[in-house]
Each structure stands twice: as structure tokens, then as C-alpha cells.
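Participant: One structure coming up, written as C-alpha cells, with questions to follow.
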Amino acid sequence: MILVSACLLGENVRYDGANTLNEELLELLKGKEILPICPEVAGDLPVPRPPAEIVNGDGNDVLAGRARVENIAGDDVTPAFLKGARKVLVGLDLQKIDFAILKSRSPSCGIDQIYNGQFNGQLREGPGVTAAYLRSKGIEVYSEEEPEKIKDRIKE
């Protein structure tokens, strides 16, 4: 089974109520068992919702309690992000998860870059909360911007 950010599959779950449908990814995944996930919705955040960014760290820091996730209004939405990250794996056999494909730069799903927490469009190194959580459980994560790596992984 492949976990895939629901927005990449065309579900309107992004903070702005839209999606980031990725046709190339859909083609790669044809015939594969996939499970759409949206940790932010799983964490009971509404659609649409104010944009959020990780402040003073990355997803690993949020998991360790050293950083938090705030929306643009300054509200602490860390509990929802943590709840959503954990909830996407509830009821799943980790041994049956091949890997995950997550939305790049998202405060939940970004795998190696996220926005810097200042809502100025600047990026910083590090994963989002769910990407960090999945990795902590031994699940490989890729972004939709890595089609060659995904192709190679699917062939295994």
C-alpha cells in the first residue's frame, strides 16, 4: 500500500480549499493500492483553513515539543497537526505500507523543505510534521517532485 497526500490525487483538502492534482503521479500509481491521506483534515482542521507554518524548527522539532505550528493569525494549531500525523496510521499494518508520497513544502507533508514560519514565502530545510512522524515509524517518504525515485521504488 502507498500512502499519498489526498490533495495530489485531486481531493479539495488544501488550506485554500483547492487541490494540487498531479496527473503524472496518477499515471505512475495506476493499478497500485493507494490510500489517500490528509493529516490536517484527519486532525480536524476545516477546509478551507488559515495557512499554517512551523515556527522555530521543523516537523522533528514539533514531534519533540521544541517547535509549534501556527496559523497566519498566530493561533497554535500544533495539537491538530500532531493528532492528524498520528491518525493517518491508525488501524494500518505498518508492514503493509510500502512508502508514502507527500505534498512538497507542506507543514504536514513536506519531506525536505518547509516554509520558514514567517509567512513570507521563504523556505527552510526540514520535514513537515507528518513526514517526520512517518519516517520515525520507518516509512520511506517521497515528494511528488521526485517522479524518477517513485518510478524506481514502484518497480521494486
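Participant: Determine which single condition GLY128 fails, assuming it passes every other condition in (1) under 20 Å from MET1 (Cα atoms); (2) in contact with a Cys (Cβ under 6 Å, 6 or more places away or on another chain).
Facilitator: The failed condition is (1).
Participant: Please count how many residues of region 1-16 are of a type in the set (A, V, I, L, M), in a helix (DSSP H, G or I) and within 13 Å of THR130 (Cβ to Cβ).
Facilitator: Here the count works out to 1.
Participant: Could you tell me which of the residues LEU21, LEU9 is of a type in the set (A, V, I, L, M, F, W, C), surrounded by fewer than 20 Cβ atoms within 10 Å (Cβ to Cβ) and under 18 Å from GLU145 (Cα atoms)?
Facilitator: Sole residue among the options that is of a type in the set (A, V, I, L, M, F, W, C), surrounded by fewer than 20 Cβ atoms within 10 Å (Cβ to Cβ) and under 18 Å from GLU145 (Cα atoms): LEU21.
Participant: Picking from ILE54, ILE37, which residue would you name as being buried (at least 19 other Cβ atoms within 10 Å of the Cβ), among the β-branched types (Val, Ile, Thr) and touching a Pro at 6+ places or on another chain (Cβ under 6 Å)?
Facilitator: The conditions single out ILE54.
Participant: Now for a separate question. Kindly check whether there is at least one residue in region 32-40 that is modelled with pLDDT of 95 or more, of a type in the set (Asp, Glu) and more than 20 Å from SER104 (Cβ to Cβ).
Facilitator: Within region 32-40, one or more residues are modelled with pLDDT of 95 or more, of a type in the set (Asp, Glu) and more than 20 Å from SER104 (Cβ to Cβ).
Participant: Would you check if GLU145 is closer than 18 Å to ALA64 by Cβ, touching a residue at least 40 places away in the same chain (Cβ under 8 Å) and surrounded by fewer than 24 Cβ atoms within 10 Å (Cβ to Cβ)?
Facilitator: no
Participant: Now a separate question. Any residue that is more than 15 Å from TYR15 (Cα to Cα) and not aromatic (Phe, Trp, Tyr) - is there at least one of those in region 41-48?
Facilitator: No, that holds for no residue.
Participant: Continuing with the same structure: Can you give me the number of residues within region 114-155 that are within 12 Å of the chain's Cα centre (by Cα), under 16 Å from ARG86 (Cβ atoms) and not aliphatic (A, V, I, L, M)?
Facilitator: 5
Participant: Kindly indicate which of ALA73, ALA42, ALA67 is surrounded by 12 or more Cβ atoms within 10 Å (Cβ to Cβ) and out of contact with any Lys or Arg (no Cβ under 6 Å at 6 or more places or on another chain).
Facilitator: So the residue among ALA73, ALA42, ALA67 that is surrounded by 12 or more Cβ atoms within 10 Å (Cβ to Cβ) and out of contact with any Lys or Arg (no Cβ under 6 Å at 6 or more places or on another chain) is ALA67.
The values are calculated or read from the model by the stated rules, or taken from the named source; none is laboratory data. For clarity, every value in this text was computed on a predicted model and none was experimentally measured. Cβ sites come from the backbone with ideal geometry, for glycine too, and all protein chains shown count toward neighbours.
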